[in-house]
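Taken together, the values in this text are just the output of simple stated rules run on the coordinates, not laboratory data. Treat the numbers as computed from the prediction; the structure is a model and nothing was measured. Ideal geometry is used to build each Cβ from the backbone, glycine not excepted, and the neighbour counts take in all protein chains shown.
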Amino acid sequence: MTDTKKTTRQVNVTSKTSVSVLFAGDSGDGMQLTGTQFANTVAVHGTELNTFPNFPSEIRAPAGTIAGVSGFQLQFSSKPVYTPGARFDVMVAMNSAALKANLKDLHRGGIIIAGTEGFDEKNLKLAGYPEGANPLEDGTLANYIVFPVPVLQLTREALRESGLSSKEIDRCKNMFVLGLLYWLYTLPLEGTIETLQAKFQKNIQMADANIKAMKAGYFFGDETELFANLGRFDIAPQKQHGTYRRVTGNEACAIALTAAAKKSGLELFLGSYPITPATEVLQTLAKKKKYGVKTFQAEDEIAGIVSSIGAAYGGALAATNTSGPGLALKTEALGLAVILEVPLVVINVQRGGPSTGLPTKPEQSDLFMALYGRHGEAPLPVIAARSPVDCFYTTYEAARIAVEHMTPVICLSDGYLALSSEPWKVESPDNLAEIKPRFQPARKPEDPPYLPYKRDDRLVRSWAIPGTKGLEHRIGGLEKQNETGNVSHDPENHELMTKLRAEKIARIADNIPLQSIDNGPLKGDILVLGWGSSYGAIKTAVEEALEEGLSVAHAHLRYIHPFPKNLGEILGNFTKVLIPEMNSGQLIHIIRDTFLIAPVGYSKVQGVPFNEMEILTKITDLIKEIQS
Amino acid sequence: MTDNDTTIKTPPVLTAKDFASDQEAKWCPGCGDHAVLQQLKNVMPELGVSPENIVILSGIGCSSRLPYYMATYGVHGIHGRALPMATGLKVSRPELNVWVATGDGDALSIGGNHFIHTLRRNPDLNVVLFNNEIYGLTKGQYSPTSKIGLKTVTSPSGVIDHPFNTAALTIGSGGSFFARAFDRDGKYLRSILKRAALHRGTSLVEIYQNCPIFNNAAFEAFASPDNKANHTVYLEQDKPLIFGKEKNKGIRLDGFTPVVVDLDKDDLSPSDLWVHNETDINKASILARFADDKALAEHILPRPFGVFFAEERVTYEDALTAQIREAQKNGCATLEDLLKGESSYVIK
């Protein structure tokens, strides 16, 4: 083990509670890998952690330009963290474009570690700096602590005798930076060494070079005078004992579907078509064959959902995953799933729209589409995940509702949750809710005829799957006669069936938990009502507001349709309800319409998540308004 | 999963009537769909599959009402999407016997993308494509197989779209089975449906089906006793391509060009003719071109019926099942394994 506390020279180690770091560089600089490695090390070290990768939609945007900047932000802390940090304390900028694109989000007085080779004349020009201007030299960064490090030169020196080509050597520069950050935060190198050895199993030379570059970065921190005044930092690990894993939202969705299949005894079928930022759900499940998972990469979004409807009809736990444009294509098939009354999980990982919009950026703008985006009256349950780990619990819940209530369910995530990660204490199978499919048993010739649309007290029909003797029946998209399921154009029957389909979904409220207050008093001035990925920002902001003594509470909705039965009562206990949304105000319409109250909306439609400072400011302003 | 009756009994001998549902077929009188339905009911008992293990799926259109009239499992889906629905079902339940009823609009227009991709993947589905060269249910608009010049409500001056050639499209999409049959020739249709059912992979059967209301007599050239013999050739494996009222016409291959010869006049014997081989994709591709309008207009080539092409190829669901078996060769992983993952770490 490298003893990270000991250094060759006596450099001070200062304890800190939390730090937010951004690794930023060109798309080709390996910043995602660097950030991920750093996050893994921090997680295993036992600190709390939240990560957020931010990269362009182009695979390789022009090198050196602002469009090509790729970033990986993370916050690690001795206390629970729910966001990657409103602003970062430390920024690694591998080139001038990375600095220019991100400087506005760096704390005043924050640390900049700049790879000087990315600040040469060519790079400065590509980043759009005026001729002759270099932020590292012209005093424009006077409000920050700047450490210019010739990363490329030092990497080349370290690897001079590695036997690698100069191109390969240059590619190791991100490991140098990683090593330097490990030194700065007194973190161990072993985890990354093991990862590199495993990754380059067949290319030991490459593994050694990467490890050597990382160690060179580490020892550079140790030996240079550059950091003498700053010193090093230590974020004490505070995690409870136990076994953990780090998951992204998309991975969590995939694990949840597989877990729900295992728990219910069903086979998982995912029909899907690749779309950013939802694709990792398909990719993760394609690797789960040893759990018996069947994935089908369809020719389009429509075939993705329709193949799943076919599998659901056959008795599988069927799912499809997509993002906005894909959900739009699936809407006709959703109508079919509603009228067939088969279980189906639809995971919609929202991104900026309309059309191709901002494919790699998050937004919460598909709520209306999820609730209403179908022809005819086709109600279905809509639930939303709040954090990467919650993507597991919410997707699992979507599967439970789908199977137990024989209905398609839309589970909303977004591009922020999809790619962000946090540590997850490994869940015990016993803690997962039971999921009980209600298969119709075989029928003997002397038994009364099978009625496909006969309902139980929750208005749920039974699941009669092919292969079951005596239940042969035909169903379809045409309106059906109550109970028999035969085609019917009878006017009264259509109205009855429309009501039954709606009432069936409404009664799901009997089978979901009541809404709870996440934080704060049960009565007070302001309730911040959120849904989806704004959880972390709201949670952090409300925590701070409470520390300041403000009368504020936070409730976060998982169940958007139907609402928990006590939601109206909770809303009534506060003078004002504040609803922050990453859209122009969608949940607020539904709350206003359902409860006839006048909430205050707070919109952000920029393709970037809310941060805690924005929410806190809004809360403070609103309190002043109430008090005046 | 289900409470299946596990006691072993001799299965009763089923008849076509056992496959008729209690719903009355609501197609127009004289519609070719009635004939296809009847042959499907006739062929079902011959397959040795219990009704509960048969599923018929469909899209939208006149032909897509078919599942309602069969006493099997059935789903009447949405326009053009029966094939992916059937694929999802078959992949999830490979033991089921899955059929798709579709039409020229459903399969080749709105469902065109699914058509080509299903064929290349080759799930074991039996696809019955009712081709009446018209949109019936929406009342008479031209379809992607309507002939150039056909006047319809949406082509009052005549169709200008070049029509799809179903056979060429099937073979070009990598389909493993293509056959053509005719609604009026029930016995032959039944034999073709049986061949399709026995083929493992996606079997595409194009049925020329008359719409007496909106496109009557579209296939009259192959139907009337006067013309039929001279305008059709029935394909039989390892048999020469012979046709004509007097069985005196044949087809020879001159390089890649099929040529009609007169066995009496040209001093040729059947052994000089093109011998049908349904495993030969090149010959099947040439046969597919017999349907092009030019050929018919000039009375050069007869329209082929029967199995053009049949290839043994792994089905999609078998390939997937094999991958899953390989992944599970050391046993099926548990829920506990899943939740723990492969990169968990312990905090002490």
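Each part reduced to its alpha carbon centroid, region B:209-230 and region A:388-436 end up 58 Å apart. Within region A:517-580, DSSP assigns beta bridges of which about 10% are antiparallel (rounded to the nearest 5). With bins 10 Å wide beginning at 0, the percent of Cα pairs of region A:188-242 falling in each bin runs 21, 34, 29, 17, 0. If you average the C-alpha positions of region B:148-186 and of region A:275-331 separately, how far apart do those two centres end up, in angstrom? Here the two parts' Cα centres lie 32 Å apart. Can you list the lysines whose alpha carbon is less than 16 Å from that of A:Lys122, not counting same-chain residues fewer than 8 positions off? Leaving aside lysines fewer than 8 places away in the same chain, those within reach of A:Lys122 are A:Lys100. Rounded to the nearest 10 degrees, the angle from helix B:82-92 to the longest Cα principal axis of chain B is 40 degrees.
What angle, in degrees between 0 and 90 and rounded to the nearest 10, separates the Cα long axis of helix A:390-405 from the longest principal axis of the Cα atoms of chain A? With both axes taken from Cα atoms, the answer is about 10 degrees.
Express the relative contact order of chain A as a whole percentage, based on alpha carbon pairs under 8 Å and six or more residues apart in sequence. Write down the numbers at each step before the final one.
Numbers: 1371 pairs, mean separation 71.9, N = 628.
Relative contact order, chain A: 11 percent.
Whole-Hz Karplus values for region A:208-225 come out as 4, 5, 5, 5, 5, 4, 5, 5, 4, x, 4, 6, 4, x, 5, 9, 6, 7 Hz, taken residue by residue from phi with 6.51 cos²θ - 1.76 cosθ + 1.60 and θ = phi - 60°; glycine and proline positions read x. Using the Cβ-Cβ distance between B:Ser224 and A:Arg507 with R0 = 56 Å, the FRET efficiency computed as 1/(1 + (r/R0)^6) comes to roughly 0.35. Kindly identify region A:524-627 as rounded, prolate or oblate by the Cα gyration tensor criterion: order the square roots of the eigenvalues as a ≥ b ≥ c, call it rounded if a/c is under 1.5, otherwise compare a/b with b/c, prolate if a/b is larger, else oblate. In terms of gyration-tensor shape, oblate.
Rounded to the nearest 5, what % of DSSP beta bridges with both residues in the protein assembly as shown are antiparallel?
On the way: 49 of 136 bridges.
In the protein assembly as shown, DSSP labels about 35 percent of beta bridges as antiparallel.
For region A:249-261, putting each phi into the Karplus relation 6.51 cos²θ - 1.76 cosθ + 1.60 with θ = phi - 60° gives couplings of x, 5, 4, 4, 4, 5, 5, 5, 4, 5, 5, 5, 5 Hz, in residue order, rounded to whole numbers and with x for Gly and Pro. Modelled label positions at B:Asp18 and B:Gln237, each set 7 Å beyond Cα in the direction of Cβ, lie 2.7 nm from each other. Per the Debye formula on identical point scatterers at the alpha carbon atoms of region A:547-603, with no solvent, log10 I(q)/I(0) at q = 0.14, 0.20, 0.28 Å⁻¹ is -0.39, -0.79, -1.42.
For the protein assembly as shown, what Kirkwood radius comes out of the mean inverse Cα-Cα distance, in Å?
Numbers: mean 1/r = 0.0315 Å⁻¹.
It works out to 31.7 Å.
Scaled to the globular estimate 2.2 N^0.38 Å, the Cα spread of region A:13-235, given as radius of gyration, is 0.96.
Over the Cα atoms of chain B, each weighted equally, I'd like the Debye log10 I(q)/I(0) at q = 0.12, 0.14, 0.15 Å⁻¹, rounded to two decimals. Treating every Cα as an identical point scatterer, log10 I(q)/I(0) equals -0.89, -1.15, -1.29. I'd like the orientation of helix A:31-45 relative to chain A: the angle between its Cα long axis and the longest Cα principal axis, in ° from 0 to 90, rounded to 10. It is inclined by approximately 80 degrees. With no solvent and one point on each alpha carbon, what is the Debye value of log10 I(q)/I(0) for region A:80-197 at q = 0.10, 0.15 Å⁻¹? Scattering profile of region A:80-197, log10 relative to I(0): -0.36, -0.79. Rounded to whole numbers, the Karplus 3J(HN,Hα) couplings from phi for region A:377-386 are 8, 9, x, 8, x, 10, 10, 9, 8, 10 Hz, using 6.51 cos²θ - 1.76 cosθ + 1.60 with θ = phi - 60°, and x at Gly and Pro.
Give me the Kirkwood hydrodynamic radius of region B:119-233 in Å, from all C-alpha pairs, to one decimal place? If you can, show how the numbers build up before the last one.
On the way: mean 1/r = 0.0657 Å⁻¹.
The answer is 15.2 Å.
Taking label points 7 Å from Cα along the Cα-to-Cβ direction, B:Glu246 and A:Lys425 give a separation of 9.5 nm. In this label model, B:His162 and A:Ser516 are separated by 6.6 nm, measuring between points 7 Å along each Cα→Cβ vector.
Amide H contacts of A:Leu380: none lie under 5 Å away among residues 5 or more positions distant or on a separate chain (H built 1.01 Å from N in the peptide plane; Pro and chain starts excluded). Put simply, the amide H of A:Arg438, placed in the peptide plane, has neighbours under 5 Å in A:Trp463, leaving out anything fewer than 5 places away on its chain.
Rounded to the nearest 5, the antiparallel percentage of DSSP beta bridges internal to region B:223-307 is 75%.
Of the cross-linked pairs A:Lys167/A:Lys202; A:Lys504/A:Lys539; A:Lys262/A:Lys287; A:Lys104/A:Lys604, those separated by over 27 Å at the C-alpha level are A:Lys504/A:Lys539.
Kirkwood hydrodynamic radius, computed over distinct alpha-carbon pairs, for region B:217-342: how many Å, to one decimal?
17.8
With semi-axes defined as the square roots of five times the eigenvalues of the C-alpha gyration tensor, the equivalent ellipsoid of region A:246-431 measures 21, 20, 15 Å, largest first.
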